[in-house]
1. Within the group R147, R162, R139, R198, which residue is among the basic types (K, R), surrounded by fewer than 19 Cβ atoms within 10 Å (Cβ to Cβ) and either within 16 Å of ligand 2 (Cβ to nearest atom) or closer than 30 Å to I474 by Cβ (or both)?
2. Which residue, of V218, V118, is in contact with a Lys or Arg (Cβ under 7 Å, 6 or more places away or on another chain), open to solvent by less than 30 Å² (accessible area, probe 1.4 Å), at pLDDT below 95 and aliphatic (A, V, I, L, M)?
3. Being aliphatic (A, V, I, L, M) and more than 17 Å from the chain's Cα centre (by Cα) narrows it down to one residue among I433, I413, I443, I474; which is it?
4. Does at least one position in region 491-502 carry a residue that is surrounded by 20 or more Cβ atoms within 10 Å (Cβ to Cβ), under 20 Å from the mean Cα position of the chain (by Cα) and in a helix (DSSP H, G or I)?
5. For A759, work out the one condition from (1) open to solvent by 10 Å² or more (accessible area, probe 1.4 Å); (2) in contact (Cβ under 8 Å) with a residue 40 or more places away in the chain it doesn't fulfil.
6. In this structure, does L298 turn out to be surrounded by 16 or more Cβ atoms within 10 Å (Cβ to Cβ) and under 23 Å from S425 (Cα atoms)?
7. Please work out which one of (1) within 16 Å of ligand 1 (Cβ to nearest atom); (2) modelled with pLDDT of 95 or more; (3) more than 28 Å from A392 (Cβ to Cβ) is the condition Y151 fails and give its number.
8. Taking the stated definitions as given, is T164 modelled with pLDDT of 90 or more, under 30 Å from the mean Cα position of the chain (by Cα) and among the hydroxyl-bearing types (S, T, Y)?
Amino acid sequence: MAFPSAQTNSTTPIATTRVVVRLRGTVQGVGFRPFVHRLAIRLGARGEVRNVGDGVLVELEGEPGVIEQFLAALSREAPRAARIESMEVHAEQPQGVKGFRIAGSRTHDEAMPGNGKVLAFARVAAVPPDLATCSDCWREFHNPADRRYRYPFLNCTQCGPRFTIVIGVPYDRALTTMRRFTMCVACQREYDDPTHRRFHAEPNACADCGPQVAWSVVRRADTDMREPALPVVHATDARNENALRAALTVLRAGGIVAAKGIGGYHLLCDARNADAVARLRLRKDRPHKPLAVLVDTLSTLRTFADVRASAVVSLESPAHPIVLVPTSKGAAQPLAHNVAPGLDSVGVMLPAFPLHALLAADGPLVCTSGNLSDEPIAWRDVDALRRLAVLADGFLTHNREIVLPCDDSVVSIGDDGHEQPVRRSRGYAPYPIPVAASLPASIRASASVLAVGAELKSTAAWLAADQVTLSSHIGDVGSPETLEALTLATGQLEAMHHGRADVIACDLHPEYHSSRWAAERARQSGATLVRVQHHHAHLAALMAEHGLPGSTPILACTFDGTGWGTDGTVWGGEMLLGDCTGFTRVASLTPFPLAGGDAAVRQPLRGALGLLHRHGHDVSDNAIAPMLHHTELTSEARRLMIQQLERGIACVETSSMGRFLDACAVLCGGPAKVSYEGQAAILLEVLARQYPGTRMRAGYNIDVHEGPASSVNRDGVHAPRWLMNPAPMLQALLWDMQAEVSASRSLNRTQDAWADAIAPIAWHVHDAVARVVVDIALRVRRDHGTNHIGLTGGVFQNQLLSTLTARALETDGFEVLQHRRVPCNDGGLALGQALIAAHATQKMSPTSSTSRLTHHLAR
Ligand SMILES: [Zn+2]
Ligand SMILES: [Zn+2]
């Protein structure tokens with residue numbers, strides 16, 4: 001943010017200065033004008049404030065000292081939901097204006113002093129995200145004397161729904177789903193009063209005039225099992241407090257309630273009732289994946305979790321995301337064991353929506369997205385009743401319509417106390433991400449780019465001018481429902497930007513649904529299609545969020561589950577040296593075969609056998625069975641996998657770091673079969689964290705070998721310069737495990753003692769990966785002088801690995817870049833795709849084809 005100082009004009013009488021201040025960013029719909037009004041009155045400045053197309057314009061007169069104070073206070077005291085991205089100050093001749101007023105918006109563009117123009121209507125309209133209830137509103141909510149006492153839809157300019165109720169722009173009540181509710185006299189008075197905090201609070205409402213809650217019961221023959229016949233949803237007369245009582249009765253009895261929130265439906269149950277949680281898991285077909293928990297207050301949260309100050313900042317931020325916090329050992333009132341089975345942390349959130357506070361008043365509730373696995377969250381009432389009736393015992397709905405789905409956001413807190421996004425959605429979308437530094441001016445002026453992400457955890461992105469707007473979380477693109485959510489999200493981005501994209505960016509993978517969707521959309525609209533390599537997009541996303549110039553290379557360590565490589569193989573353990581215009585594949589994990597390809601995601605044993613087989617180890621039952629601590633796969637199934645490996649049938653070669661860590665987890669006694677991606681590797685991380693982390697024995701080594709002769713082979717595809725070969729580590733790990741297995745037999749160890757014994761092995765796996773990253777980074781610095789090392793890709797959600805790697809790199813003087821604004825997983829990919837596509841179209845001649853373009857990027 002730039003703060004040019006106000007220039008004083010020497011011909012002006014010294015007593016008065018006039019400045020015109022232009023503010024851009026998210027400054028509309030967040031109570032900015034009333035804030036400026038209050039500030040001007042307080043300081044005794046004169047003039048006016050009004051909304052303009054891309055921000056707010058303030059005309060200000062007063063003594064120079066007053067103007068200075070005003071400018072300083074603007075960013076310091078701005079409303080919590082405002083984001084000032086830029087501030088321009090121009091000096092003018094004073095006009096002797098009296099008083100200060102909030103002026104109406106103009107209908108014509110205006111010339112600015114200096115050069116430039118203020119647009120009457122936005123080219124880039126800033127719709128704020130949905131904001132959690134603010135402290136002023138909570139005070140009213142809890143005050144029996146207030147007219148909004150316990151009213152779940154109260155809001156003001158500092159809080160309430162925004163993004164999810166917007167039908168069109170500009171952001172105005174008439175273009176939100178609140179238009180069906182006519183404000184009562186009292187609400188209208190607040191809305192019209194420039195000094196009131198509800199001045200132009202578009203969703204303003206009270207119990208007399210606003211939305212209401214209703215209750216429906218689900219009738220089924222047997223609530224313990226999912227029914228073959230569809231259950232019947234039966235609307236009742238219960239409204240508001242009666243509806244709430246009905247829902248609480250069901251929750252207390254261990255039932256499941258589908259409750260409509262801000263961005264969609266949640267499924268709720270008592271988080272301390274293991275039977276209720278088990279029932280929810282059975283119905284949702286989600287045996288192990290951790291469930292989020294809603295708590296009414298921080299003090300409830302502290303009965304079962306350790307909450308650091310940095311976590312509190314995130315929990316109480318206007319976004320109110322789900323925050324991953326460590327569970328307390330020996331907690332007074334622990335959660336049910338099956339809320340986050342096998343893990344040492346849990347995702348928790350405070351109520352962002354007052355109805356959630358009323359529901360959680362009894363105790364912590366499991367609060368998970370209302371969907372069947374992999375579908376998008378249900379958000380439309382009719383659709384929710386159809387899809388969720390098999391899951392819930394009752395529906396707590398309301399009549400404020402949701403325009404598009406917006407899941408809860410998820411963040412973790414890094415070792416350094418920084419927030420790291422895991423899922424960027426409600427409360428963050430659609431705050432734009434400024435990318436001016438990563439784009440030359442010539443590109444900024446021209447293209448608008450739509451990027452559609454990859455296949456999992458998708459978000460869409462829109463690049464226009466000098467910012468990228470990311471959609472809410474769309475989910476795993478595969479079902480017709482998610483493709484519809486993608487269409488809706490891109491439609492919303494188009495509406496916000498009044499246009500269609502000139503360029504559409506998608507993943508290089510030809511079979512992804514999102515790639516097909518993008519190709520079809522480009523064909524229909526005549527837009528240019530750009531296919532972007534997966535890990536290159538991760539690299540560019542990291543550069544953009546750190547404001548690095550798009551053409552200064554960084555070394556990006558991109559570790560994830562899977563991504564289509566330029567050579568047509570599956571990549572995932574890559575170190576790329578590059579920028580937004582291209583990359584070199586500096587290093588890669590030595591590939592290993594996965595029998596059955598993608599089946600290895602749910603059966604990490606396949607990866608473990610492939611790894612052993614590739615490095616010449618015995619894979620017979622005699623050799624490995626003792627280490628498979630709790631194998632769920634029969635020896636017959638194992639025999640078939642080994643046959644596949646030996647004959648090379650249906651095997652996919654991969655350099656995936658995600659699959660590699662899964663495989664290591666199996667060799668450390670982890671599950672052979674899992675129910676969600678990365679589960680085995682996550683359990684390995686939990687195990688490793690039990691070890692204090694002082695290196696007691698010689699570390700494991702991943703060797704670095706020279707790769708194939710040329711980094712770009714004859715066909716123009718990328719072969720890595722170096723291979724990271726885990727053979728020495730694998731050998732040492734096997735010896736250590738065999739030693740612990742026989743020690744356990746002779747000592748008759750308990751489960752806990754066994755975990756203590758193998759925790760150092762798990763820790764050293766992480767340490768070895770961290771150290772090989774440093775090894776490669778040192779070689780690259782020696783050859784190219786590169787000192788910026790990025791850590792990106794879903795594997796870096798692993799906090800232990802992130803911390804070990806970052807610390808080791810920093811010890812050697814590297815500047816480490818980690819994600820702060822978008823997730824390191826594929827949820828942040830669209831940002832990078834958009835930037836790469838913008839750079840690529842700049843380079844393209846009008847006649848060049850997309851296939852040539854892809855080739856060109858592989859340098
Ligand atoms: Zn409020
Ligand atoms: Zn009212």
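The values are calculated or read from the model by the stated rules, or taken from the named source; none is laboratory data. The shown structure was predicted, so the numbers you read here are calculated from the model rather than taken from an experiment. Don't worry about glycine lacking a Cβ; one is built from the backbone with ideal geometry, like all the others, and counts go over all protein chains shown. Remember, those area values only see protein heavy atoms, side chains included, never the ligands or the DNA or RNA. Shrake-Rupley method; radii C 1.70, N 1.55, O 1.52, S 1.80 Å.
1. On the way: R162 fails: surrounded by fewer than 19 Cβ atoms within 10 Å (Cβ to Cβ); R139 fails: either within 16 Å of ligand 2 (Cβ to nearest atom) or closer than 30 Å to I474 by Cβ (or both); R198 fails: surrounded by fewer than 19 Cβ atoms within 10 Å (Cβ to Cβ).
None of the other options fit; the residue is R147.
2. Details: V218 fails: in contact with a Lys or Arg (Cβ under 7 Å, 6 or more places away or on another chain).
The unique qualifying residue is V118.
3. On inspection, the qualifying residue turns out to be I443.
4. Going through region 491-502, the residues surrounded by 20 or more Cβ atoms within 10 Å (Cβ to Cβ) turn out to be 492-493, 496-497, 501.
Then drop every residue that is not under 20 Å from the mean Cα position of the chain (by Cα), which leaves 492-493.
Those still in the list that are in a helix (DSSP H, G or I) too: 492-493.
Yes, because at least one residue in region 491-502 is surrounded by 20 or more Cβ atoms within 10 Å (Cβ to Cβ), under 20 Å from the mean Cα position of the chain (by Cα) and in a helix (DSSP H, G or I).
5. Failed condition: (1).
6. On the way: surrounded by 16 or more Cβ atoms within 10 Å (Cβ to Cβ): no; under 23 Å from S425 (Cα atoms): yes.
Answer is no for this residue.
7. In the conditions (1) within 16 Å of ligand 1 (Cβ to nearest atom); (2) modelled with pLDDT of 95 or more; (3) more than 28 Å from A392 (Cβ to Cβ), Y151 misses (3) alone.
8. Working: modelled with pLDDT of 90 or more: yes; under 30 Å from the mean Cα position of the chain (by Cα): yes; among the hydroxyl-bearing types (S, T, Y): yes.
So T164 passes the test.
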